[in-house]
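Peer 1: Dropping the structure in here first, questions after.
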Amino acid sequence: MELASKYNPSDVEGKWYQYWLDNKLFSSKPDGREPYTVVIPPPNVTGVLHMGHVLNETIQDILVRHARMEGKNACWVPGTDHASIATEAKVVNRLAEQGIKKSDLTREEFLKHAWAWTEEHGGIILKQLRRLGCSCDWDRTAFTMDATRSESVIKVFVDLYRKGLIYRGVRMVNWDPKALTALSDEEVVYKEEHTKLYYMKYYLADTVPADAVAAEGNVVHKDERGYYAVVATTRPETIMGDVAMCINPDDPKNQWLKGHKVIVPVVGRVIPVIEDDYVDIEFGTGCLKVTPAHDVNDYMLGEKYNLEAIDIFNDDATLSQRIAQAQQKALAEAEVPQQLVIALDRYVGMERFDCRRRIAEDMTAAGLMEKIEDYDNKIGCSERTGVPIEPKLSMQWFLKMQHMADIALPPVMNDDIQFYPTKYKNTYRHWLENIKDWCISRQLWWGHRIPAWYLPTGGFVVAENEAEALTLARQKSGNADLQPADLRQDEDALDTWFSSWLWPISLFDGIRNPGNEEISYYYPTADLVTGPDIIFFWVARMIMAGYEYQQLPPFRHVYFTGIVRDKLGRKMSKSLGNSPDPLDLIDRFGADGVRMGMMLSAPAGNDILFDESLCEQGRNFNNKIWNAFRLVKGWEVADTAQPEAAQLATAWFAAKLRLADEELADDFAKYRLSEALMTIYRLFWDEFSGWYLEMVKPAYIDGKPQHIDRATYDATLAFFEVLLKMLHPFMPFITEELWQALYDRQPGQSIMRDELHMPHATDDDRKLCADIEGIKEIVTAVRAIRSQKNIAPKQQLTLEVVADADTPQLPRGGVEALMKMANLDAVNTVAEKSAGSASFLIGTAEYDVPLGDLIDLDAERKKLQAELERVEGFLASVTKKLQNERFVQNAPAAVVEMERKKQADAEQKIAALRDSIAAL
RNA sequence: GUCGGCAUAGCUCAGCUGGUUAGAGUAUCACCUUGACAUGGUGGGGGUCCUUGGUUCGAGUCCAAGUGUCGACACCA
């Protein structure tokens, strides 16, 4: 078999993926084995693969393939999310490009377009996951809006409503004026902005007695128009909704305002001054304008003091006609100076930020603005559309969360569900302890429509379908003649997360069909791999749903990945253009190379600084494996006796593999996947290729490679197979390719199903590995001498072992191995080191290499002198420790003993070094 | 503002319940066009473990304060 000297991933990756699919190697059915279940965090149905996915999906695939090779029944369920608001926004945009406005379409027409878009773009990302090698059970592919999932969502809504956990009511919600929908608190992100703080004049509407004004501590404003209070705000346009001014009753500056009335500038409405200790005396002037319709805290004040809420905006955050009406009403009720009033008609229909600019200008011109200052503020914006949200009073559906928090907090706190890294337990607890009700209705069409029907006479019923709704409606209204057409279904859809919180259950049909074989077998799932940014959106809510509907956690472990950043630490983003296209990377480095590049620096929970050079490292590793394979498969086998060196090498490497397996098991148990990969990387590159293969490799005689003995050959292939299996979860493609080529395989066989079970390592294994480490140290020392003296690797040298009671006995075959690895012609035991030789110490054992003319006495002396100084320094620190009585008294005997040994060894080394220097 | 994480080689990070004058990968330097692999081999250099105190016989590791940095949450109109 002729093999190219370079591994070419594109030749093999597509081939083996198809092979895995053809042979149904990813598919899982309940059986007697232990299940290992992972549900994918469903990507947006119309999304495309980005680096964050690559990280996330690679980790899942590693865990799944690892479990599969342990003999578990691994089941990784893929699927996509309908992403209500994001997808609807995309569809609206696309329609806009075609000149179609959403408002011109009926719900049915719009949904037709949305489904068309979904079918056109849906599933692209799932295809891309195949390029990455993901071993999902594709027959199970689900969608949050497919029939099973949709029915599950509706069933849960009805159930929660009937339990009294879902209610409908008017509340202050986060309104997205671009998407024209309410949002949950979690969908609001705060952005730092440079804004202005406007100080506006609110003139007194009545007379203040002179003594009240004169009282000490008051800060009084007065101009030719009279007395006025100053109110600071970032949103001057909202004065149109002002219904009160509020001061802190203990604020000395504003005592004179108590019990009076002020005039809202521009608007002309006369409003009372109320008192509440909510107001911060230190902020601004201590005077707060109260606009209950447009601020959460003002809403609270409005409730408390029974104030009217004047909604000044339309749904798209343009100024409503209502402001003009309210002004007319106000002006009719009280007489106010003309100069304080501007007719509000001019602002009607204006966009909110235009209005802010205009009203600030108008007020300044009218002398109603005291001053304007720069101000840094954090503005709540819609996570999806990016526009500032508008607090708005609105009728919505809510889920009561206290009960959910009560069932979801304990299991995480007591580690029934384990978080990696554990720091997220704090974040989780904090959120659950301060939880608010979840606004679950969205003014969108793309999503699960709320199963509530309104009766013609008022009131509503909640039911799983129209027929059931009709029955309930007839009962409720007492009108047995009620017809379907008399009922009107709620127009709103549910929050996307109201379907994804059921994902681990609904994927196994556990909502519609409780206790079925699949849900009983696969649930709880094993590991969830996701980003900490959706800990509240998704993780916490899945835990709630899990306990509410299965009385069990949805998963046992949560692995939080970090954010993928570029090598400068910047978040990858489209606008920065610093995000590589994963498919392009796969084309260039192979999927295995990209997976390795991703995993090399991805400790759980830390952000990862992604650098293409890591993929290059992955590709190089592939090439290394490939070439090791070429070497081994190129050997010609003969039935000759196994050399002692090879006997030793095979025994050693077998032990090494057992030890490595234990290390890997530990890494996997702790989810330290990048460390596991690094362990295998070094095992393959350094130990196997660098040491083992070099030890057993047949020599060349007269330019011809010798044959290898069968025992060594067989052992080597077996080692290779174990290494491939260890590596398979990380690099599925090359390991399959080589596993298939290593031995004759039956059709349909795969490394994926070739379980890896290693015997435990023993103390003998550890001893043998330590012995080999000793040999490696000697080899390295001889190589260093070559390097320093510029002696060609081909030139043979002689090693002398200075015999001594402490000189370690090399294991059988050790000398032979040593000679081969260090290219020695002999290893002689001597009583005294030769003159003109370079010497070195391994532990306390002394070795030297006679160099004849090549010896540079000066350099040698310098080297030995430096070493002597180092050891003397070391000895000094050890001796100091041992002279400290308190150390000898207090430290454990074993520690003291070890220090004594170090002292003795150091002394011995020093003596040997002095001898060597003298001998020069 | 409240809470939390992190700070170790140029870079990215290990370093477990304190106990060899601190390790890996990568980068860098020197040498090597050897017969699996130059996407390679061999060897080398590189660290006041953020600062200051404390506990201890002993601190990279534990405690406190500070500095820097990142994040979560809460926000002042």
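The values are calculated or read from the model by the stated rules, or taken from the named source; none is laboratory data. From a predicted model like this one, the values you see are computed outputs, not experimental measurements. In this analysis, Cβ positions are derived from the backbone assuming ideal geometry, glycine residues included, and neighbour counts consider all displayed protein chains. With ligands, DNA and RNA removed, areas are computed over all heavy atoms of the protein, side chains included. Shrake-Rupley method; radii C 1.70, N 1.55, O 1.52, S 1.80 Å.
Peer 1: What number of residues within the range A:210-239 satisfy the criterion of being within 14 Å of RNA strand B (Cβ to nearest atom) and either in a helix (DSSP H, G or I) or among the basic types (Lys, Arg) (or both)?
Peer 2: Of the residues in that region, 5 qualify.
Peer 1: What number of residues within the range A:163-184 satisfy the criterion of being under 17 Å from A:LEU444 (Cα atoms) and within 14 Å of RNA strand B (Cβ to nearest atom)?
Peer 2: 4
Peer 1: Look through the range A:216-254, keep the residues that are open to solvent by 10 Å² or more (accessible area, probe 1.4 Å) and hydrophobic (A, V, I, L, M, F, W, C), and return whichever of them is farthest from A:ILE323 (Cα to Cα).
Peer 2: Among them, the one singled out is A:VAL219.
Peer 1: Which of the following residues is surrounded by fewer than 23 Cβ atoms within 10 Å (Cβ to Cβ) and over 19 Å from the mean Cα position of the chain (by Cα): A:TYR559, A:TYR547?
Peer 2: A:TYR547
Peer 1: Considering only residues of the range A:249-261 that are under 53 Å from the mean Cα position of the chain (by Cα) and not in a helix (DSSP H, G or I), which is nearest to A:TYR199 (Cα to Cα)?
Peer 2: Here the residue is A:ASP251.
Peer 1: Among the residues of the range A:267-295, count how many are part of a strand (DSSP E or B) and more than 8 Å from RNA strand B (Cβ to nearest atom).
Peer 2: Number satisfying all stated conditions: 7.
Peer 1: Please specify each residue of the range A:218-268 satisfying the condition of being touching a strand residue (DSSP E or B) at 6+ places or on another chain (Cβ under 6 Å), on the phi > 0 side of the Ramachandran plot and free of Cβ contacts under 8 Å to residues at least 60 places away in the same chain.
Peer 2: Listed by number, the list holds a single entry, A:GLY226.
Peer 1: I would also like to ask the following. How do the pairs read when you match residues in the range A:886-899 that are within 6 Å of RNA strand B (Cβ to nearest atom) with residues anywhere that are open to solvent by 80 Å² or more (accessible area, probe 1.4 Å), using Cβ under 9 Å and keeping only pairs 6 or more apart or on different chains?
Peer 2: Hits for this filter: A:PHE887/A:LYS881; A:ALA891/A:LYS881.
Peer 1: Right, something else. So which residues in the range A:296-325 are open to solvent by 50 Å² or more (accessible area, probe 1.4 Å), more than 16 Å from RNA strand B (Cβ to nearest atom) and hydroxyl-bearing (Ser, Thr, Tyr), if there are any at all?
Peer 2: If the condition is that a residue be open to solvent by 50 Å² or more (accessible area, probe 1.4 Å), more than 16 Å from RNA strand B (Cβ to nearest atom) and hydroxyl-bearing (Ser, Thr, Tyr), then no residue fits.
Peer 1: Specify the residue that is farthest from A:ALA179 (Cα to Cα); the eligible residues are those in the range A:419-454 that are within 16 Å of RNA strand B (Cβ to nearest atom) and touching a Lys or Arg at 6+ places or on another chain (Cβ under 7 Å).
Peer 2: Of everything passing the filter in the range A:419-454, A:PHE419 is farthest from A:ALA179 (Cα to Cα).
Peer 1: When you look at A:PHE353, is it open to solvent by less than 40 Å² (accessible area, probe 1.4 Å) and aromatic (Phe, Trp, Tyr), yes or no?
Peer 2: no
Peer 1: Inside the range A:179-226, can you point out the residues that are touching a Cys at 6+ places or on another chain (Cβ under 6 Å) and not basic (Lys, Arg)?
Peer 2: A:ALA182, A:SER184, A:VAL189
Peer 1: Output the qualifying pairs, or none if there are none: Cβ atoms under 6 angstrom, residues six or more apart or on different chains, first residue in the range A:275-300 and at positive phi and at pLDDT below 95, second residue more than 7 Å from RNA strand B (Cβ to nearest atom) and assigned to a loop (DSSP other than H, G, I, E, B).
Peer 2: If the second residue must be more than 7 Å from RNA strand B (Cβ to nearest atom) and assigned to a loop (DSSP other than H, G, I, E, B), the pairs left are A:GLY286/A:ASP251.
Peer 1: Another question, then. Might you let me know whether the range A:480-493 holds any residue that is within 27 Å of A:LYS178 (Cβ to Cβ), hydrophobic (A, V, I, L, M, F, W, C) and not in a helix (DSSP H, G or I)?
Peer 2: yes
Peer 1: Among the candidates A:GLU867, A:GLU846, single out the residue that is in contact (Cβ under 8 Å) with a residue 40 or more places away in the chain, closer than 30 Å to A:VAL782 by Cα, within 52 Å of the chain's Cα centre (by Cα) and open to solvent by less than 80 Å² (accessible area, probe 1.4 Å).
Peer 2: Testing whether each residue is in contact (Cβ under 8 Å) with a residue 40 or more places away in the chain, closer than 30 Å to A:VAL782 by Cα, within 52 Å of the chain's Cα centre (by Cα) and open to solvent by less than 80 Å² (accessible area, probe 1.4 Å) leaves just A:GLU867.
Peer 1: So, A:VAL270, is that one under 52 Å from the mean Cα position of the chain (by Cα) and either among the charged types (D, E, K, R) or at pLDDT 95 or above (or both) or not?
Peer 2: no
Peer 1: Could you give me the residue pairs with C-beta distances under 6 Å whose first residue belongs to the range A:1-28 and is touching a residue at least 40 places away in the same chain (Cβ under 8 Å), whose second residue is assigned to a helix (DSSP H, G or I) and more than 16 Å from RNA strand B (Cβ to nearest atom) wherever it lies, and which are 6+ apart or on separate chains?
Peer 2: A:TRP16/A:GLU736; A:TYR17/A:ARG130; A:LEU25/A:MET752; A:SER27/A:ASP139
Peer 1: Going residue by residue through the range A:902-919, is there one that turns out to be open to solvent by 40 Å² or more (accessible area, probe 1.4 Å) and within 13 Å of A:GLU800 (Cβ to Cβ)?
Peer 2: Yes: the range A:902-919 contains one or more residues that are open to solvent by 40 Å² or more (accessible area, probe 1.4 Å) and within 13 Å of A:GLU800 (Cβ to Cβ).
Peer 1: Sticking with this structure for a sec: Take A:ARG130 and tell me if it is part of a helix (DSSP H, G or I), open to solvent by less than 40 Å² (accessible area, probe 1.4 Å) and charged (D, E, K, R).
Peer 2: The answer is no for A:ARG130.
Peer 1: Something else now. Here are some conditions: (1) farther than 29 Å from A:ARG766 by Cα; (2) touching a residue at least 60 places away in the same chain (Cβ under 8 Å); (3) touching a Lys or Arg at 6+ places or on another chain (Cβ under 9 Å). A:ALA835 meets all but one. Which one does it not meet?
Peer 2: Failed condition: (3).
Peer 1: Any idea which residue in the range A:195-209 is most open to solvent (accessible area, probe 1.4 Å), counting only those that are part of a strand (DSSP E or B) and not aliphatic (A, V, I, L, M)?
Peer 2: Across the range A:195-209, the extreme among qualifying residues is A:LYS196.
Peer 1: Need at least 2 residues that are away from RNA strand B (no atom under 16 Å from the Cβ) per element, so show me which strands (runs of 3 or more DSSP E) inside the range A:772-876 make the cut, counting only ones lying wholly within it.
Peer 2: Result: A:797-802, A:824-830, A:845-850.
Peer 1: So A:GLY478 ticks every box in (1) at positive phi; (2) within 45 Å of the chain's Cα centre (by Cα) but one. Which box is left unticked?
Peer 2: It is condition (2) that A:GLY478 fails.
Peer 1: Something else: Only residues that are open to solvent by 50 Å² or more (accessible area, probe 1.4 Å) and either part of a strand (DSSP E or B) or touching a residue at least 60 places away in the same chain (Cβ under 8 Å) (or both): list them for the range A:385-416, please.
Peer 2: A:MET395, A:LYS400, A:HIS403, A:ASP416, listed by residue number.
Peer 1: So, one more: Tell me yes or no: at least one residue of the range A:761-774 is surrounded by 16 or more Cβ atoms within 10 Å (Cβ to Cβ), more than 18 Å from A:ALA655 (Cβ to Cβ) and out of contact with any His (no Cβ under 9 Å at 6 or more places or on another chain).
Peer 2: no
Peer 1: Still on this structure, please answer the following. With (1) open to solvent by less than 20 Å² (accessible area, probe 1.4 Å); (2) within 11 Å of RNA strand B (Cβ to nearest atom) as the list, and A:LEU257 as the residue in question, which single condition is left unmet?
Peer 2: Failing condition for A:LEU257: (2).
Peer 1: Hey, another quick one. Could you please give the count of residues in the range A:678-695 that are within 34 Å of the chain's Cα centre (by Cα) and open to solvent by 30 Å² or more (accessible area, probe 1.4 Å)?
Peer 2: Count: 6.
Peer 1: Ok, one more. Look through A:ILE323, A:ILE310 and report the one residue that is assigned to a helix (DSSP H, G or I), among the β-branched types (Val, Ile, Thr) and in contact (Cβ under 8 Å) with a residue 40 or more places away in the chain.
Peer 2: Just one listed residue meets the conditions, A:ILE323.
Peer 1: Filtering the range A:599-613 down to residues that are within 8 Å of RNA strand B (Cβ to nearest atom) and in contact with a helix residue (DSSP H, G or I) (Cβ under 6 Å, 6 or more places away or on another chain), which residue is modelled with the lowest pLDDT?
Peer 2: A:PRO603
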